């Protein structure tokens, strides 16, 4: 297919490369053009504007937040206005339920298609085409996208016809990850102050009750107190928790555990940990315990 | 070995049977004698007092809480007074750090041995000898106990020479389980109110980011809103969170996530869910969301 | 002075009447015109558009939220575009720090003046000219407004030259009110379940350690479980807590107690208490205790 | 009357002096005898054992916690065993509901009387006979005690016949104080980071919406960041919150705001603020905001 790809950050780059490898023709755009160059050496065309990415069958967006997506979506030369009828906008970004709904409506009005397809996985998974794709949209749109999802992920989950459902699930999942990190942080603070080695506790819980990769990877960061370089930076993590809370508030669902994670993240920002991985809330738990 | 076993509840019964299967001679005691009968038909002797369980090489205790352990440990005919020099008291119960430390001191004074060996696993795991044993005590004591641990569990973790470290780790683990359940409960409330089927969300997260049995089993209870029969009853879960908080407070560690779980559990008791599994806090999350 | 007044809800009506009583000429506007009629009988001119309120020396806005203020502030016939140079926009509404800052900038660009002057007090205090006015803006602007503040309140507090500081203080105050209500709700649940009469407890604490009118009035609502009619409706209260949290997040301040109040309010919405006073979180505390 | 008085700490000393001033004969006891000497110079007899305080019409206890009260209450020479029939034990200490109930039962069995009479007020109020006395017990007992309450406080509140109700109310009140302090701490962090002077904010809120002495005094401590010398030391404050939570848990009442205050207090202990006033949780709020 002829595909546009907008957003070549840590995640986007790996995904775009996998689309190239799968044989698709790619036109890529990144606000900071330098980041697009390496894709150029691998066969992608480099666009100067987002609109240039909207001339094929599909355009992906993989951007940091709502504002970044809005910046390329709206306006005369934005995606919504530029995408030809029948072409599809595949939104991989973790954005708000509200924006996803608005994009779906706008594309419908414009005669183009919209699919929400946020992904689970860190940059390594993006590079290795091991992402979990959570996709939602009209069935016909999704089936056309499936080969693309297959090129970038290990499995696709369809949550329904309504695009925003995929965003809700993605946000619920990220909230659960944040919760798992918080529980790790508190548990490590507890065992450390009782003289138990973090590495030992980590090995124990991740080989018994919590044999999940996320417990292993985040647990290792907390056990080793090594929060940099960040796989997923704190401000992005906070953004996701905030979006989960907004999605919940919209339907009157209190999420007290999300509130707690949010407060720990804000405390982490207040202490200057902007550059750290979002697992740095484990450091907050440690500091609150006097460690 | 000649072994005494005190406490034949959901967990204790399965463990005791596995010790029998491994060829050990067992004298069992349960406050409600009827529960001991079935072990009798499998070859165990039935004791009328805890002291009768203290004439061999080792005595296990697997009881509900500190009070139950104290009731058999102290006094003239209690375990501490009755166990012969060189014999070992293996405490499987999830008890407080404080009591475990006091028991260690008391046995040391009395010339007998004490090993803390709380276990992870639900009744099925106990019956299947698939428990994870967290053991702590002097190395010499532990090595003598190892064949017994092998008979009841799939793996033994040694946390150190100080018995209470095993209790800390067990409580930290149970706190993390409670936290995982709370995060499941809130996430399900969120997705359900956005019209996403619980079963679908469960399959998605447990086959992607949370492929751990505990997420699957607790997630299923919450997705199906089936909190009975209880594998681990709410009041016992609350007890464990309370013990984790006490262990944390003793070394000045705040556990805000444990506080949250505790409050949800108390709300669940207030609403009459005493008989339910501790995962019933998922129901509290649902009710707080108007579901 | 010649004054415009936009927003004649529970609070605005009383304030506008007091300005009339003080001898000012008033042009009033309300989206629902019927609400303006009674002011007409008292001597105010009734405007058909917000712009008609912007022809005098000052225009007040007293509206429910950011969106309502934005609806009358921006655009060709909005306040910012309509207000003559040298005239002042006095913003009484409890709005976000962000919007207040944007309004200050917009008026400065347009050559008009902007003063933030949110008020503490319930509708009775507005009617009785007993409000506490929290005002911020350049000193010269404020001194011109002082006679107006004197007409509507019992005291004016100046927080600084920067308008948004008044909004921060107002939000901080409302957060503290929400916190006081939550503490009342939980305390009443506790004493009630121990068989102590709510009225007795209320009299005791408000004549001893908490002799403040807000403890008395909110305490009475909770003690009598009488949450309607609402002096300050739940969704407005939630809005204020949300704004306080946003103002705090903007400068990296975690407010865990605000998070708690927010979650209780969302639970109250989920249970259908939209029409109740925001003190209905006391009912949530009671329900969570099985009352 | 002939009165015994046990416990001459910051609070007890002032109370005992007021009993002396009112013309009662006093026998005083303090574990650290030196603290009793000054009362001796004012006319009190100094006892060497608690039992010596139990020979008159009444004995007061004003001690730090349950353990301290239990140390003088039980045993052969304890208060319960020593007090003559018809004499009354007036328990001023902030103790657990459980212990208060046990004391009531023990005195009833022994033929003596028991009244729970915890007090609100800091050491200055104790010295000035300005305490608020919360009293509970059989009416006949209370009326005999009234002259004594009049000598030490400005007002007596009777909560019922069951002594523990007074303890519940005292704990509920201390919880509310802790909540007020937490809300002050968070509000100050918010306004400070927006450049508003703490003293200005303090004056504003305590002369408008929160005109209560406790907001003024605690607010001043937080505004000036002056947490020593402690009027009420952090570990004692934490004890009271813990007792409130225990009293609540006993009747299945979740107190999420108490949980929050408790966690902040534990964090304060972890950071080494044992010697500070319990209002030091305001410092925790500031530190969590990067101040």
Given the criterion at negative phi, in contact (Cβ under 8 Å) with a residue 40 or more places away in the chain and over 21 Å from the mean Cα position of the chain (by Cα), identify the matching residue among B:173, B:185.
B:185
Among the candidates A:135, A:104, A:110, A:129, residue that is closer than 24 Å to residue A:20 by Cα and more than 13 Å from every other protein chain (Cβ to nearest Cβ)
A:129
Name every residue in region D:28-53 that is more than 23 Å from residue D:65 (Cβ to Cβ) and either surrounded by 21 or more Cβ atoms within 10 Å (Cβ to Cβ) or not assigned by TED's automatic domain parsing to the domain that holds residue D:89 (or both), in order of residue number.
D:44
Can we say residue C:286 is in contact with a helix residue (DSSP H, G or I) (Cβ under 7 Å, 6 or more places away or on another chain), within 14 Å of chain B (Cβ to nearest Cβ), assigned to a helix (DSSP H, G or I) and surrounded by fewer than 24 Cβ atoms within 10 Å (Cβ to Cβ)?
yes
Touching a residue at least 40 places away in the same chain (Cβ under 8 Å) and buried (at least 24 other Cβ atoms within 10 Å of the Cβ): is that true of residue D:237 in this structure?
yes
Residues satisfying the stated conditions in region D:86-96, i.e. modelled with pLDDT of 95 or more and either in contact with a strand residue (DSSP E or B) (Cβ under 9 Å, 6 or more places away or on another chain) or not assigned by TED's automatic domain parsing to the domain that holds residue D:65 (or both):
D:87, D:88, D:89, D:90, D:91, D:92, D:93, D:94, D:95
Is it true that residue A:232 is under 30 Å from residue B:165 (Cβ atoms) and either at pLDDT below 95 or crowded, with 24+ Cβ neighbours inside 10 Å (or both)?
no
Determine if region B:191-214 includes at least one residue that is within 22 Å of residue C:287 (Cα to Cα), in contact (Cβ under 8 Å) with a residue 40 or more places away in the chain, within 11 Å of another protein chain (Cβ to nearest Cβ) and out of contact with any helix residue (DSSP H, G or I) (no Cβ under 6 Å at 6 or more places or on another chain).
yes
As an exercise: evaluate residue D:249 against (1) in contact (Cβ under 8 Å) with a residue 40 or more places away in the chain; (2) assigned to a helix (DSSP H, G or I); (3) over 19 Å from residue D:183 (Cα atoms) and give the number of the one condition it does not meet.
(1)
Please go through region D:54-83 and pick out each residue that is under 19 Å from the mean Cα position of the chain (by Cα), surrounded by 23 or more Cβ atoms within 10 Å (Cβ to Cβ) and not in a loop (DSSP other than H, G, I, E, B).
D:59, D:60, D:61, D:69, D:72, D:73
Could you say which residue among C:197, C:164 is modelled with pLDDT of 95 or more and within 22 Å of the chain's Cα centre (by Cα)?
C:164
Of the residues C:257, C:269, which single one is under 21 Å from the mean Cα position of the chain (by Cα) and more than 10 Å from chain B (Cβ to nearest Cβ)?
C:257
Do we find a residue being within 14 Å of chain A (Cβ to nearest Cβ) and in contact with a helix residue (DSSP H, G or I) (Cβ under 8 Å, 6 or more places away or on another chain) anywhere in region D:242-254?
yes
Hey, among A:226, A:239, which residue is away from chain B (no Cβ under 13 Å) and under 18 Å from residue A:174 (Cβ atoms)?
A:239
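The values are calculated or read from the model by the stated rules, or taken from the named source; none is laboratory data. Just so it is clear, the structure is predicted and the values come from calculations on it, not from any experiment. Here Cβ is always computed from backbone atoms with ideal geometry, including for glycine, and neighbour counts include all displayed protein chains.
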